[in-house]
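Structure first, commentary second.
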Amino acid sequence: MFYAEHMEKTYTTSDVARLTGLSIDTLRYYERIGLIHEVDRLSNTHRRYTDSDVQWIQFLLRLRDTGMSIQQMLSYARLQRLGESTLRERVALLKAHHEQVELHIQQLQEYLVVIDHKITTYEGALLTCETEKVEESAR
């Protein structure tokens, strides 16, 4: 009873694909290139992912979605596997990525200003057209 209560929940590849939004092929690719450590397998060779594995994959997805390259993610994964002795390098890598994300956010905000201006221009043109139509129909 004690053993069963303390076993970590495991997930199949299909479960992890559903939970993360990645395809099964992408999960296998990430494992093959070393982004994900070699996942434990049951005797029938089916992969069994843990909660920790799923959390790691979700973190990798956040890095990817914020523009980190596969090469940078591989560097981070390698450092993470090496343990506490690489904390400084991991912090440096994440700080550099954070700066890039901040710059991208700033750039997107600048783009939004241009888009907002265009929307305002078009709404003004629509209002002018509608006003002219009302004036024409009143004649």
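The values are calculated or read from the model by the stated rules, or taken from the named source; none is laboratory data. On a predicted model such as this, the values are computed, not experimentally measured, just so you know. Quick reminder, even Gly has a Cβ in these numbers, built from the backbone with ideal geometry, and neighbours come from all protein chains shown.
Numerical summary
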{"item": "Top-ranked residue in the stretch 35-54 [being in contact with a Lys or Arg (Cβ under 7 Å, 6 or more places away or on another chain) and not charged (D, E, K, R); ranked as surrounded by the most Cβ atoms within 10 Å (Cβ to Cβ)]", "result": "39"}
{"item": "Residue 65 assigned by TED's automatic domain parsing to the domain that holds residue 32 and among the acidic types (Asp, Glu)", "result": "yes"}
{"item": "Any chance residue 26 is farther than 19 Å from residue 14 by Cβ, touching a helix residue (DSSP H, G or I) at 6+ places or on another chain (Cβ under 9 Å) and surrounded by 14 or more Cβ atoms within 10 Å (Cβ to Cβ)", "result": "no"}
{"item": "When residues of the stretch 44-97 are limited to those that are over 13 Å from the mean Cα position of the chain (by Cα) and on the phi > 0 side of the Ramachandran plot, the one modelled with the highest pLDDT", "result": "83"}
{"item": "Of all residues in the stretch 55-86 being touching a helix residue (DSSP H, G or I) at 6+ places or on another chain (Cβ under 6 Å) and β-branched (Val, Ile, Thr), the one that is surrounded by the fewest Cβ atoms within 10 Å (Cβ to Cβ)", "result": "66"}
{"item": "Some residue of the stretch 98-121 being more than 17 Å from the chain's Cα centre (by Cα), surrounded by 12 or more Cβ atoms within 10 Å (Cβ to Cβ), at pLDDT 90 or above and under 29 Å from residue 20 (Cβ atoms)", "result": "no"}
{"item": "Helices (runs of 4 or more DSSP H) wholly inside the stretch 1-105 containing at least 2 residues that are of a type in the set (Gly, Ala, Ser) and out of contact with any Gly (no Cβ under 9 Å at 6 or more places or on another chain)", "result": "13-20"}
